[in-house]
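Accompanying notes for the structure given below.
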Amino acid sequence: MNKFIKIIFFLLLNYSLLFLQAVKSEEKLRIGLLVPMSGPNKNIGLSIIKAVQLAVKDIDNSIIEIIPKDTATKPNQTLKSAFELKEMGVKVVIGPIYHESLAYLSEIKDLTFLSLTNKILDLPKNVIAAGINSTSQLNTIKKFLEKNNIERTIFLTPMQNFEFEVQKGIKDSNIKIYKDYLYDTEPTKLTNQIEKITNYKIRKQNLEDEIYRVRNSNELNKDKIIKRLEKRYTLGGLNFDAIVIADFDESLKSVSTSLLYTDVSPKNKFFITLNQWFDESLLNATDIQPIYYPSINKGNFDNYKKKYFNEFNENPTHLSLLSYDLVGLVYYLSLKKNLLNLNKLFQKKNSFKGKIGIFDIKNNKINHRLNFYKVENKNLIEIF
């Protein structure tokens, strides 16, 4: 009789384990999505929602459930929506997009936010910046400098609330810099600052002095020498080999133009900038070429844009590509760990290959292994 009871017990136990396993296999991977669905950034939010839908379709696993909530790009609304996601049992959230929306998220425990911001300073402990941060970019620039034995690099950073992020990237990447300058983006002040940084007035005076000296000398070929000197704008070397301009759009072009005015040319000094997301206007800015910058994998980005356009008949934002990859990242990590402990995987060292490239995850930080590009003669060229 006891033997029969034991057999029944083991059968019930095995059945229970199988039942629990079946329940677990059907457990939903609930991913929250915090994006602006109203307000001035609504179109960006809707593009991200579509990208996430596309990622779920490509993964093709019914356990994934996406729950979008509106942030309206307001901290209070973001907090309210985040609480709603927590009440629904969500453990991981993609978003918010903007750094200012993160203000109150430290109030929500047991919830991890994969924000699309590229700013890594002053983040709540439960927020991981998944954007292309300064450390990722400067790691790539450092690799280029070392490959080309570039010894003296100066940094030019605008005073626009991003300079501290650049300083953080410099520190974390251990990139070797010669001098670091902050500049005012107001055109007149900028020109004066660039003149001082490049010793323009001294070099210009050097040229005038040399022309005067030769003209009053007894050199036999002084007329040829003077003609050659008069074709120049300045005389004298520069104490740097490369310039990293931590700027974007028209401001980047303004700084580069000021450098040209002070007789600093990309033909003899490396002009390097930060991730430009393949800004096509740079292709036509031939005066400041060649210019170099780190970015995501261009081929992957183009393939993603085609896929997105074919699905929705519109072009995606670059932030939508980040969100597409983050869905894959969360799904990949969920396969390695019980969903209840998914958050802990962002503390361990992991790597994930997405459309952008390779994510490196450790200590609640995400860095990207980026490619490096050169714009020259109206062409975009991949360096590595």
Stokes-Einstein translational diffusion, the range 266-352 - Kirkwood Rh over all Cα pairs, 1.306 mPa s, 10 °C, in µm²/s: 98
For residue 265 and residue 285, calculate 0.36 nm times their separation in residues minus their Cα-Cα distance, and state this gained length in nm to one decimal. 5.9 nm
Order by protection proxy (mean Cβ within 10 Å, highest first), peptides 131-140, 157-166: 131-140, 157-166
May I ask you to list the lysines whose Cα is less than 29 Å away from that of residue 201, ignoring any residue fewer than eight positions away on the same chain? 176, 179, 189, 222, 224, 227, 231, 253, 267, 269
Using every alpha carbon pair in the range 211-303, what percent of pairs falls into each 5 Å bin from 0 up to the bin containing the largest distance? 3, 11, 19, 17, 12, 10, 9, 7, 5, 4, 2, 1, 1, 0
For the range 48-124: accessible area per residue (Å², 1.4 Å): 44
Could you tell me the convex hull volume per residue, in Å³, taken over the Cα atoms of the range 150-216? 90
Points 7 angstrom from Cα along the Cβ direction at residue 380 and residue 230: gap in nanometres? 4.5
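For the chain, what % of the accessible area comes from carbon and sulfur atoms, probe 1.4 Å?
Carbon with sulfur: 51 percent of the solvent-accessible area.
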In units of 2.2 N^0.38 Å, what is the alpha-carbon radius of gyration of the range 92-242? 1.61
Accessible area of residue 260, 1.4 Å probe, to the nearest 10 Å²? 60
What base-10 log of the normalised intensity I(q)/I(0) is obtained for the chain from the Debye formula, alpha carbons as equal point scatterers, at q = 0.06, 0.08 Å⁻¹? -0.33, -0.53
Each residue of the range 303-308 in order: what ³J(HN,Hα) in whole Hz does its phi give by Karplus 6.51 cos²θ - 1.76 cosθ + 1.60, θ = phi - 60°, with x for Gly and Pro? 5, 5, 4, 5, 4, 5
Solvent-accessible area per residue for the range 244-373 (1.4 angstrom probe, square angstrom): 43
Residues whose placed amide H lies under 5 Å from that of residue 376, excluding near-sequence neighbours: 381
Go ahead and estimate [θ] at 222 nm for the chain from helices alone: -39,500 (n - 2.57) per DSSP H run with n ≥ 4, summed, over the residue count, rounded to 500. -14000 deg cm²/dmol
Hey, what angle do you get for helix 187-197 against the long axis of the chain, alpha-carbon based, 0 to 90 degrees rounded to 10? 70
Across the range 71-124, what fraction of all alpha-carbon pairs, as a whole percent, falls in each successive 5 Å bin from zero upward? 4, 22, 36, 26, 10, 2
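The values are calculated or read from the model by the stated rules, or taken from the named source; none is laboratory data. Computed from a predicted model, the values in this text were never measured in an experiment. Neighbour counts run over all protein chains shown; Cβ positions are idealised from the backbone, glycine included. Note: areas computed on protein heavy atoms with side chains; ligands, DNA, RNA excluded. Shrake-Rupley method; radii C 1.70, N 1.55, O 1.52, S 1.80 Å.
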